[in-house]
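The values are calculated or read from the model by the stated rules, or taken from the named source; none is laboratory data. The shown structure was predicted, so the numbers you read here are calculated from the model rather than taken from an experiment. With ideal geometry, Cβ positions are generated from the backbone for all residues, glycine too; neighbour counts draw on all protein chains shown.
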Amino acid sequence: MRNYLWATVAVLVVLASLGLTQVSAQWSFNGNYYSTCQQGPGNWIQCSGNLLQSPSGCIILGFVVSSGYTTATQYYTLHNLPSSYPPAGSWITVTGQLYQGLNYSPTGAACPGNYINVTSIT
């Protein structure tokens, strides 16, 4: 439990340094909360959440995940966006392939490490 709390604090510090605030993208059933993501075969994923842009230029999807006991906000950097997409603050659904690795904004600032290569955004 101590490691989980330390990891949660570390993630919150990193997210705060990116200028991000918590967003809500969850639903509940019988008191349990669930994510708004659906995983497909391989690394395919479809997620709904808030489209965010950090002050450093990272384009991010933010949503809440929960096991029913703990709740955390998950952030995915979005790659390969079309030339036109909804404005920051919009509720969106993206489909694409989920990866882990280093991410940087156009200004060279660090972005959240999980990222989606977007194939569709609505």
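Structure above, values below:
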read-out: Residues satisfying the stated conditions in the range 51-78, i.e. β-branched (Val, Ile, Thr) and under 8 Å from the mean Cα position of the chain (by Cα); value: Ile60, Thr73, Thr77
read-out: Condition broken by Leu81, with the remaining ones in (1) outside any strand (DSSP E or B); (2) under 14 Å from the mean Cα position of the chain (by Cα) satisfied; value: (2)
read-out: Candidate set: the range 103-120, residues that are surrounded by fewer than 19 Cβ atoms within 10 Å (Cβ to Cβ) and β-branched (Val, Ile, Thr); chosen: the one nearest to Tyr76 (Cα to Cα); value: Thr119
read-out: Long-range neighbours under 6 Å by Cβ, at least six apart or interchain, first residue closer than 16 Å to Gln46 by Cβ within the range 68-97, second part of a loop (DSSP other than H, G, I, E, B) and at pLDDT 90 or above; value: Ile92/Pro86; Thr93/Thr122; Gln97/Asn43
read-out: Any hit, the range 10-25, residues being of a type outside the set (A, V, I, L, M, F, W, C), within 25 Å of Ser120 (Cα to Cα), modelled with pLDDT of 85 or more and touching a strand residue (DSSP E or B) at 6+ places or on another chain (Cβ under 7 Å); value: no
read-out: Scope the range 84-122; condition assigned to a strand (DSSP E or B), within 18 Å of Gln53 (Cα to Cα) and in contact with a Phe, Trp or Tyr (Cβ under 6 Å, 6 or more places away or on another chain); matching residues; value: Asn114, Tyr115, Ile116, Ile121
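Condition check ((1) polar (S, T, N, Q); (2) surrounded by 13 or more Cβ atoms within 10 Å (Cβ to Cβ)) across all residues:
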{"site": "Gln39", "(1), (2)": "yes, no"}
{"site": "Asn43", "(1), (2)": "yes, yes"}
{"site": "Gln46", "(1), (2)": "yes, yes"}
{"site": "Leu51", "(1), (2)": "no, yes"}
{"site": "Ile59", "(1), (2)": "no, yes"}
{"site": "Thr70", "(1), (2)": "yes, no"}
{"site": "Tyr75", "(1), (2)": "no, yes"}
{"site": "Ser84", "(1), (2)": "yes, no"}
{"site": "Gly89", "(1), (2)": "no, no"}
